[in-house]
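Report on one structure; see the data block that follows.
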Amino acid sequence: MRSVILAFGFLVVGTCIGFFLGSRSTGLCTVFAASPTPQNQLTVSNAKPRVRGIAKSFRGDEFRGQTLQLDGMEFIDATFQGVTFTYSGGAYSFRNVIFSLPLTVRLEGPAANTSELINLIRSLNSGERRLSPSTGVPVVRETGTRKTVRKVTFAGPYLR
C-alpha cells in the first residue's frame, strides 16, 4: 500500500511540475486548462488586411496598352484601351470612364485570396472538390470581348 501512495504522490508532483513549466503533459496523464467561454467569432489580432484609401486621382487621362496599379487610384473621365490592372485589394474608383476592351486584371495578395475563396464556395455549391491554387501565383482574368463600354461609374465597397 505504501508503494501505491508513493507512486501516486510522484504522479501528482510530476503533473504539477509539468503544468507549471508549461508542458501540461507528464507522459502518464494530461492536465487540461478550463475551456474558455464560447465565442460567436474566431478572430486573429492584426491578421485582417487593411484597406487604404484613395491616394491618387487621374482626370481626363488616356491609358493605352499600359499596366496600371488599381489600388489607391481614382480615375475620372479617363479612357482605358487594352490595359492591364494589377490589384491587391485596396480602394479604387472609376467615374465616367471609357473601357475599350480587352481588359486584363491581375489579382495579387489579398485580392487573389478573395478570388480563390469565392471559387471554392462556387465549387462547394456545385458539389465539386477543388484543389488549392499554387502559392504566390496571381489570378489573371481577361475580358472575352473586344468592344467599348462608355460612362462606367463603379467604386469598390471599401473606399477609406
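Structure values in brief
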| quantity | calculated |
| --- | --- |
| Residue (of Pro110, Gly72, Ser126) at the positive-pole extreme of segment 56-155, dipole from beta-carbon charges | Ser126 |
| Additional length obtainable on full extension of the chain from Ser45 to Thr148, 0.36 nm per residue less Cα span | 32.6 nm |
| Calculated over segment 56-155: convex hull of Cα atoms, volume per residue (Å³) | 108 |
| Rounded to whole Hz, the Karplus (6.51, -1.76, 1.60) HN-Hα couplings of segment 100-110, x for glycine and proline | 9, 7, x, 10, 10, 10, 10, 8, 10, x, x |
| Under Karplus coefficients 6.51, -1.76 and 1.60, residue-wise ³J(HN,Hα) of segment 70-77 in Hz, glycine/proline x | 8, 4, x, 10, 10, 10, 10, 6 |
| 5 angstrom amide H check on Gln81, placed H, neighbours 5+ away | Phe63, Arg64, Gly65, Ser100 |
| Debye-sum result for segment 90-135 in log10 I(q)/I(0), which assumes one identical scatterer on each alpha carbon, at q = 0.20 Å⁻¹ | -0.83 |
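Since every read-out is calculated from the coordinates, none of them should be taken as a lab result. Keep in mind that what you see is a predicted model, and the values were worked out from it rather than measured. Because the Cβ atoms are built from the backbone with ideal geometry, glycine has one as well, and the counts that use them run over all protein chains shown.
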